[in-house]
Amino acid sequence: MIDKILEYQKLDGNKVKIEKALSENENKKQATLMVKFVKEAQSKALKMDEEAAKLKKEFEKLSQVEQKGLQMVEKYVNQKTEGADLEGLEETLSRMQKVLKQLSDLEDLLRKNKAQTEEIIKAFDTLKNKLRAAKIKHKENKDLYEAELAKKGPEIKATTKSLEEMEKTLDKELLAKYKAARKVGIYPVFVPLEGNSCGGCRISMASAKVDEIKRNGHIECYNCKRMIYNK
Ligand SMILES: [Zn+2]
């Protein structure tokens, strides 16, 4: 019984090798990285968009205030000075100076707003270019990986078919144990007893366990969960 499952395991090894190579495929890794980059860039772009909208609102508000300030200055300038006393003139002048100071501060704010907006537009353009490059890189890598997958596909399919054929002749209990272990990524599942140690993880077995292996043909390693058989 063990011989048959070992033969099955050997054939399954081909499949494991191909699947491992595919999962470690550099093009696949790159394509995955690009997907991650695109997602991050999209959320960055969204934040930039929000920031730009905020700056635009601020700009509109500042412009409105500026407009009002200018109107006020105009009003002061056009004010008839005839008949006004010196005190009144001085007061008007002082108010005008105050408005002019506020306008100058406003100019600074508007300048700052403009600079920030320009910075965001520049950053957005850079991001857009990077995004475009990432999309191209993603497609290139995805195509290469899919070509590899298409190349290996028939081999996997043929091996799977042979394995299924073999399964019909295997002990059901052994096969179930094998499949359960494979499902959690263990390969090889069946390993020989080497002296008193597990042939998989090299851990030492108590002599009672060694006797059990010899008596039952196999036991599960308490450490690596492989099936240790007596060769
Ligand atoms: Zn072990």
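The values are calculated or read from the model by the stated rules, or taken from the named source; none is laboratory data. Everything numeric in this text was worked out from a predicted model, so none of it was measured. Every residue, glycine among them, receives a Cβ derived from its backbone with ideal geometry; neighbour counts consider all protein chains shown.
Filtering region 190-206 down to residues that are under 14 Å from Asn223 (Cβ atoms) and in contact with a Gly (Cβ under 7 Å, 6 or more places away or on another chain), which residue is farthest from the ligand (Cβ to nearest atom)?
For region 190-206, the residue satisfying everything is Leu193.
Looking at region 111-125, is at least one residue of a type in the set (Gly, Ala, Ser) and in contact (Cβ under 8 Å) with a residue 12 or more places away in the chain?
Just the residues of region 111-125 that are of a type in the set (Gly, Ala, Ser), to begin with: 115, 123.
Applying the additional criterion that residues be in contact (Cβ under 8 Å) with a residue 12 or more places away in the chain yields 123.
For region 111-125, residues of a type in the set (Gly, Ala, Ser) and in contact (Cβ under 8 Å) with a residue 12 or more places away in the chain: present.
Consider Gly185 carefully, then state whether it is without any contact (Cβ under 8 Å) to a residue 40 or more places away in the chain and touching a Pro at 6+ places or on another chain (Cβ under 6 Å). Break it down into steps so the answer makes sense when it comes.
On the way: without any contact (Cβ under 8 Å) to a residue 40 or more places away in the chain: yes; touching a Pro at 6+ places or on another chain (Cβ under 6 Å): no.
So Gly185 fails the test.
Just checking, which of Glu140, Glu119, Glu146 is at pLDDT 95 or above, surrounded by 12 or more Cβ atoms within 10 Å (Cβ to Cβ), among the charged types (D, E, K, R) and more than 23 Å from the chain's Cα centre (by Cα)? Talk me through it step by step, then tell me what you get.
Values: Glu140 fails: more than 23 Å from the chain's Cα centre (by Cα); Glu146 fails: more than 23 Å from the chain's Cα centre (by Cα).
Glu119 is the lone residue from the list that is at pLDDT 95 or above, surrounded by 12 or more Cβ atoms within 10 Å (Cβ to Cβ), among the charged types (D, E, K, R) and more than 23 Å from the chain's Cα centre (by Cα).
Just to verify a result, which residue in region 207-224, among those that are within 13 Å of the ligand (Cβ to nearest atom), part of a loop (DSSP other than H, G, I, E, B) and not aromatic (Phe, Trp, Tyr), is nearest to Met1 (Cα to Cα)?
Applying the filter and picking the extreme gives Cys221.
Being part of a helix (DSSP H, G or I), out of contact with any Pro (no Cβ under 6 Å at 6 or more places or on another chain) and either surrounded by 14 or more Cβ atoms within 10 Å (Cβ to Cβ) or assigned by TED's automatic domain parsing to the domain that holds Glu220 (or both): is that true of Arg202 here? Give the derivation first.
Details: part of a helix (DSSP H, G or I): no; out of contact with any Pro (no Cβ under 6 Å at 6 or more places or on another chain): yes; either surrounded by 14 or more Cβ atoms within 10 Å (Cβ to Cβ) or assigned by TED's automatic domain parsing to the domain that holds Glu220 (or both): yes.
So Arg202 does not fit the description; no.
Which ones in region 168-184 are under 41 Å from the mean Cα position of the chain (by Cα) and either surrounded by 14 or more Cβ atoms within 10 Å (Cβ to Cβ) or not in a helix (DSSP H, G or I) (or both)?
If the condition is that a residue be under 41 Å from the mean Cα position of the chain (by Cα) and either surrounded by 14 or more Cβ atoms within 10 Å (Cβ to Cβ) or not in a helix (DSSP H, G or I) (or both), then Leu174, Leu175, Lys177, Tyr178, Ala181, Arg182, Val184 are the ones that fit.
Out of curiosity, is Tyr187 assigned to a helix (DSSP H, G or I), at pLDDT 95 or above and within 16 Å of the ligand (Cβ to nearest atom)? Even if it seems obvious, please write down each step before you answer.
Details: assigned to a helix (DSSP H, G or I): no; at pLDDT 95 or above: yes; within 16 Å of the ligand (Cβ to nearest atom): yes.
Considered against the rule, which asks whether it is assigned to a helix (DSSP H, G or I), at pLDDT 95 or above and within 16 Å of the ligand (Cβ to nearest atom), Tyr187 comes out as no.
Does Met72 satisfy being at pLDDT below 95 and not assigned by TED's automatic domain parsing to the domain that holds Thr126? Break it down stepwise before answering.
Numbers: at pLDDT below 95: yes; not assigned by TED's automatic domain parsing to the domain that holds Thr126: no.
No.
Among the residues of region 55-74, which ones are over 16 Å from Gln102 (Cα atoms) and exposed (fewer than 12 other Cβ atoms within 10 Å of the Cβ)?
Lys57, Glu60
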